[in-house]
Amino acid sequence: MKTNGRVSRVLLGASGLGLAAAWCCGARAEFTPGDFALSEADRQAVFKAAGAVQRKGMWVICADDPNASGASIETARDLNGDGRPEAVVTEGGTFCYGHAGMGFQLLSRQADGRWRVMTGGSGIPQFLATRGAGGWPDVSVGGPGFCFPVERWNGKAYTLHRFEYEGKRCKPPR
């Protein structure tokens, strides 16, 4: 399998969360100090908020995938410094996620205890050192290629902020 440098860094856990992502399938997370241990009730609430349903004993976001591998909570830690956990839910497969081979959802526990989807889509998330409103990290959404979208939290939503590759701005091919 041929990968570019960006994906290789993610595969080695350089995402800033210790997120171990595989090119074709989500792998289990490498938890690091600062991670939150979620209760079973929280795990179920995270999956439900991410839009997952239970099928054949596993949580699935892409319910149309005939060979679904199931979704997993890759990590749960405080990304924005508010003392509450955020969770990254991933699911592998090309049926729903195309050549990226992976989809993700970033969820945040709100002050009232509910979980809210902050951003998500097809691709491999990498949390960057640069930050948007409220201390939220920018998110590079990787996949095949060499120029990736970077989303920034504007106080209401994650929106496209720039494109970059290996820390340098770039222009995506048309």
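Throughout, read-outs are computed from the coordinates displayed, never taken from laboratory work. Owing to the predicted nature of the structure, the values given are computational and were not obtained by experimental measurement. Neighbour counts run over all protein chains shown; Cβ positions are idealised from the backbone, glycine included.
Sort the following peptides by mean Cβ neighbour count (other Cβ atoms within 10 Å, averaged over residues), highest first: 79-87, 98-106. Show your work: numbers first, answer last.
On the way: 79-87: 17.6, 98-106: 21.4.
So the peptides 79-87, 98-106, ranked by packing, come out 98-106, 79-87.
Which FRET efficiency, nearest 0.05, do Glu166 and Lys56 yield, Cβ-Cβ r, R0 35 Å? My answer for the efficiency is 0.30.
Placing +1 on the Cβ of every Lys and Arg and -1 on the Cβ of every Asp and Glu, with nothing else charged, gives region 83-174 a dipole about its Cα centre of roughly 320 debye. Only aspartates and glutamates eight or more places from Lys156 in sequence, or on another chain, were considered; those with a Cα closer than 17 Å are Asp82, Glu86, Asp138.
Using equal-weight Cα scatterers in the Debye expression, the normalised intensity of region 127-174 in log10 at q = 0.13, 0.16, 0.27 Å⁻¹ is -0.27, -0.41, -0.97.
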